[in-house]
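Working notes, structure below.
Please treat every number below as a calculation from the coordinates, not as lab data. All of these numbers come straight from a predicted model, not from anything done at the bench. Heads up, the Cβs are rebuilt from the backbone with ideal geometry, glycines too, and the neighbour counts pull from every protein chain shown.
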Amino acid sequence: MITFADIASGRSPVAVVGLGYVGLPLAVALSNHFRVIGFDISRPRIDALRQGHDSTREVDPDILAAARVEFTDDPTALEQAKIIVVAVPTPIDLNRKPDLRPVIGATETVGAHLSTDTVVVYESTVYPGLTEEICVPILEERSGLRCGPDFTVGYSPERINPGDRIHTLESITKIVSGQDGPTADLLARFYGAVVKAGVHRASSIKVAEAAKVIENTQRDLNIALMNELAQIFDRMGIDTTEVLQAAGTKWNFLPFRPGLVGGHCIGVDPYYLTFKAEAMGFHPQVILAGRRINDGMGKFIAEKTIKTMINAGNQIKGARVGLLGLTFKENVPDLRNSRVVDIIHELTDYQVQVLVHDPLADAAEAMAEYGVELQPMHALSNLDAVILAVAHAEFTILDGSRLKSMFRNPEAGIVMDVKGLLDKDALSRQLTYWRL
């Protein structure tokens, strides 16, 4: 097997396969210590990175320009690498089942260009057992090599939080695992060179896979509890934010908040775990109950908007509603698995005209992914209601005066503040204001 000295000296490069929200920051960070090949199947993505442009905004332009990464879409470059990190997305399909096409496709590519004495380490979120049960046979078939004598595998789950400039790759403890002791030792030194917070060695690949998938499942369930409480308190006429602020004065109260749960992790990972559990004959109840609650929040917000408009005397058919934000979370351009789309679909069923504005989202991607045409901010006029769905920093400047100018009837405007971003006290004196 390759030694750490071979990697550290630069004699043997490392490769990162998949240069998205996870892979690019990793490749850039690794390039400060090793020779790095950054591989992606998208030629436009490679061209943009070579020009110093990152559409995900995860890497600052000056840092990207200075990074010593060989960006390529030529898979033969992988033949040089002795550590290959696979960091491709693992989404779900329309039936909420794991969509393994990206990880299988990446594994086939790696296998076709795998050399002996190489370690293949996966960072993609998967269910326990997938690395060894699905990926290893593909690597062996495509390469003609045997796992163990000729190459080894490991798993080190990604913990990237898009848009977060505090909890970065270097500052979050890295879980590492390998199929055997030497592989785990190598990966511990490899990641330890980059991650200042240190590494945690899991006892097996399955343990590391399971640790990753339950991290987000735990968050999903806690947010589901907040979302269920928000619906209960809404029926009672109680402000959920005020309740949580009061409860938060207790030292061990967990600071979770209600909201839309989308993205490539929290809204997806629980389905990987439940898929595997059901395949083994166990039918999860708590996990799927949390998913049902969170998946239903878009419908709840849309229906609450409709009821508020009816109470205000608005005609629903043909009403104009401005929707602020389409990405899955604040201050990132990532549109994957955005639950804001659920609000759009529900309002459209009521024959409401929905005008969507998002300053960070890519217009072409929004149209291709969801059939949503993004509007400039000035187009959001003559509205009957505004739904602030995503708490982008750009929206913090919205005050009563600016919002009132967007309505058909400035004195009867309705603001639905999903994330509680705006000043409730100030707006409640001028408009009909609601927050989740």
Excluding residues fewer than 8 places away in the same chain, name every one of the lysines whose C-alpha is closer than 16 Å to that of Lys307.
-> Lys299, Lys317
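By count of other Cβ within 10 Å, fewest leading, how are Ile7, Ile232, Ile316, Ile175 ordered?
Values: Ile7 24, Ile232 11, Ile316 16, Ile175 21.
Exposure proxy ranking, most exposed first: Ile232, Ile316, Ile175, Ile7.
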So how strong a dipole does the chain carry about its Cα centre when Lys and Arg Cβ are +1 and Asp and Glu Cβ are -1, to the nearest 20 debye?
-> 900
Pair Val243, Thr116: separation of 7 Å Cα→Cβ label points (nm) = 6.5
Rounded to the nearest 0.05, what FRET efficiency do His33 and Asn252 give with R0 = 41 Å and r taken as the Cβ-Cβ distance? Could you check?
-> 0.55
What residues have an amide H closer than 5 Å to that of Tyr155, excluding those fewer than 5 places away on the same chain, when H is modeled at 1.01 Å from N in the peptide plane?
-> Tyr122, Ser177, Gly178
Checked against the structure, the computed P(r) over Cα pairs in 20 Å bins from 0, in percent among (1) 25, 45, 28, 2; (2) 18, 32, 24, 15, 8, 4, 1; (3) 24, 50, 23, 2 is the one labelled (3)
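Fewest to most neighbouring Cβ within 10 Å: what's the order for Lys212, Lys97?
Details: Lys212 26, Lys97 13.
Ranking Lys212, Lys97 by Cβ neighbours within 10 Å, fewest first, gives Lys97, Lys212.
Among Val22, Val136, which comes first, second and so on when ranked by fewest other beta-carbon atoms within 10 Å? Walk me through the numbers on the way to the answer.
Details: Val22 27, Val136 22.
Ascending number of Cβ neighbours within 10 Å: Val136, Val22.
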Restrict the search to segment 392-436; then list the trypsin sites (Lys or Arg not before Pro) that DSSP places in a loop and that have at most 15 other Cβ atoms within 10 Å of their Cβ.
-> Arg408, Arg429
Unit charges at the beta carbon, dipole of the chain: most positive-side option, Val199, Leu398, Val28 | Leu398
Sequence-distant residues sharing a close amide H with Ile83 (under 5 Å, placed H) | Ala15, Val119
Loop sites in segment 121-185: trypsin sites (Lys or Arg not before Pro), DSSP, at most 14 other Cβ within 10 Å | Arg146, Arg165
Reach of Lys212 by Cα under 27 Å, taken over lysines that are not fewer than 8 positions away in the same chain = Lys82, Lys97, Lys174, Lys196, Lys276, Lys329, Lys419
Show the residues, 5+ positions off or on another chain, whose built amide H is closer than 5 Å to the amide H of Asp417.
-> Leu388, Trp434, Arg435, Leu436
Applied in sequence order to segment 57-69, the curve 6.51 cos²θ - 1.76 cosθ + 1.60 (Karplus, θ = phi - 60°) yields integer Hz couplings, x standing for Gly and Pro, of 6, 7, 10, 4, x, 5, 5, 5, 5, 8, 5, 9, 10
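What FRET efficiency do you get for Arg11 and Ser204 if R0 is 30 Å and r is their Cβ-Cβ distance, rounded to the nearest 0.05? Intermediate results must be reported in sequence, preceding the final value.
On the way: r = 30 Å, r/R0 = 1.01.
Approximately 0.50, to the nearest 0.05.
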Residue farthest toward the positive end of the dipole of the chain, with Cβ of Lys/Arg at +1 and Asp/Glu at -1: which of Ala48, Thr118, Val341?
-> Val341
About its Cα centre, segment 4-210 carries a charge dipole, from +1 on Lys and Arg Cβ atoms and -1 on Asp and Glu Cβ atoms, whose size in debye to the nearest 20 is 380
